[in-house]
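Q: Got a structure for you, written out below as structure tokens; questions coming shortly.
The values are calculated or read from the model by the stated rules, or taken from the named source; none is laboratory data. Nothing here was measured: the structure is a model prediction, and the numbers come from that model. Quick reminder, even Gly has a Cβ in these numbers, built from the backbone with ideal geometry, and neighbours come from all protein chains shown. With ligands, DNA and RNA removed, areas are computed over all heavy atoms of the protein, side chains included. Shrake-Rupley method; radii C 1.70, N 1.55, O 1.52, S 1.80 Å.
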Amino acid sequence: MPGWTVASETGRLAEVLVCPPDHYRWIPSNTIVRRTLASGQQPDPQGLQAQHGELVAALEQAGARVHRLPPEPHLPYMAYTRDSVVVTHRGPVLCQLERPQRRGEYAPLLDWHAAQGARFWRKSSAGTLEGGDVHILRPGLAVIGASGGRTDLAGAEQLAAWLRAEGWEVRVEPFDEHFLHLDVLFCMAAPGLAAACLEALPEAFTDWLRARGIRCLPVPYRETMRLGCNILALGGDRVISAAESRDLNAALRAEGLTVLDPPLSLFTAGGGGPHCLTCPLAREG
């Protein structure tokens, strides 16, 4: 049985789950993609495969073992593997997705984990819970976003209670569902460093982070709505950030980080960046 655990968003990424975008298309399930769909277009399938391939190449370049979830035709947003399952220090937690277009994703995830011999530590059963709202800041410290849209207060508090019973400090952070998931507004880049939309996040939250030694690189609202904050820490002072996030990438490099920057415009237009497109299964540290 694989001992998949994640005790920190910034530990060295060892194993990760992605889903090929064979059936991906933009669907009107969030604010960002509704703006995109106003153009009347859909993403080019070859372009999707090329961009996803560059993301996978960056993950492999970083030394991660990449697992692939077989896509299903009626579940176009399976490519955003972050949301259906979140892996904790005690193992995977099956989430409870809110949008009707995505609720069916639980079934292939149950089957896939069973085929790997992996056991779920917990299964969400109160309200709704989505992985893009769960941030394991470091061992013993987590924040769970609760917009009332994708993750509601009941779902957030259920996971928080499980972690608190393990001795963790957990903050449940309300925010406007306009922003879809908390990882649209905030993501860890390295120990003690995050990318965040300070214009939209409450000052009480950023003060709470600062008191726990976490500093935020500011990302403007306009770039935030292009998924600029949505980055993936790889550990070892490395991070994946979309090529289109030029200003943030420059700021990350100025902090001494190595930035792997695949183009991901076709996915960010649908409401998800590198954080959304990956489900870390195992991290070291």
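Q: Connecting C-alpha atoms closer than 10 Å in a GNM of the chain, tell me which of Leu69, Leu182, Leu13 has the biggest fluctuation.
A: It is Leu69.
Q: I'd like the accessible area for Trp208: 1.4 Å probe, protein heavy atoms, all chains in place, Å² to the nearest 10.
A: Here the residue's solvent-accessible area equals roughly 30 Å².
Q: Among 225-231, 250-256, how do they line up from the highest to the lowest mean number of other beta-carbon atoms within 10 Å?
A: Per-residue Cβ counts within 10 Å, averaged per peptide and sorted highest first, yield 225-231, 250-256.
Q: Looking at the chain, do any whole DSSP H helices span at least 18 angstrom along their long axis by alpha carbon and average -0.5 or above on Kyte-Doolittle, and which?
A: 45-61
Q: How much of the accessible area of the stretch 12-284, probe 1.4 Å, is carbon plus sulfur, in whole percent? Don't skip to the answer; put the middle values down first.
A: Working: 5070 of 10420 Å².
Here carbon and sulfur together make up 49 percent of the probe-accessible area.
Q: Roughly how many Å² of Thr258 are accessible to a 1.4 Å probe, to the nearest 10?
A: Here the accessible area works out near 70 Å².
Q: Given the stretch 1-158, what whole percent of its Cα pairs are spread farther than 26 Å?
A: Summing the P(r) tail past 26 Å for the stretch 1-158 gives 29 percent.
Q: Can you tell me the relative contact order of the stretch 12-284? Whole percent, Cα pairs under 8 Å, sequence separation 6 or more.
A: It comes to 23 percent, rounded to a whole number.
Q: Match the structure shown to one of the listed values (1) 0.92; (2) 0.95; (3) 0.99 of Rg/Rh (Cα atoms, Kirkwood Rh), computed from it, and give that label.
A: Computing Rg/Rh (Cα atoms, Kirkwood Rh) and matching it to (1) 0.92; (2) 0.95; (3) 0.99 gives (1).
Q: Given the -39500 (n - 2.57) contribution per DSSP H run of 4+ residues, what per-residue ellipticity at 222 nm results for the chain, rounded to the nearest 500 deg cm²/dmol?
A: -7500 deg cm²/dmol
Q: Order these peptides, 41-53, 119-131, by their mean beta-carbon neighbour count within 10 angstrom, highest first. Working shown, then result.
A: Working: 41-53: 15.1, 119-131: 19.1.
The most tightly packed comes first, giving 119-131, 41-53.
Q: Under the √(5λ) rule applied to the eigenvalues of the Cα gyration tensor, what semi-axes describe the equivalent ellipsoid of the stretch 45-123? Give them in Å, descending.
A: Its equivalent ellipsoid spans semi-axes of 22, 18, 11 Å.
Q: Out of all DSSP beta bridges with both ends in the chain, state the antiparallel percent to the nearest 5.
A: On the way: 20 of 39 bridges.
Counting only bridges with both partners in the chain, antiparallel ones make up about 50 percent.
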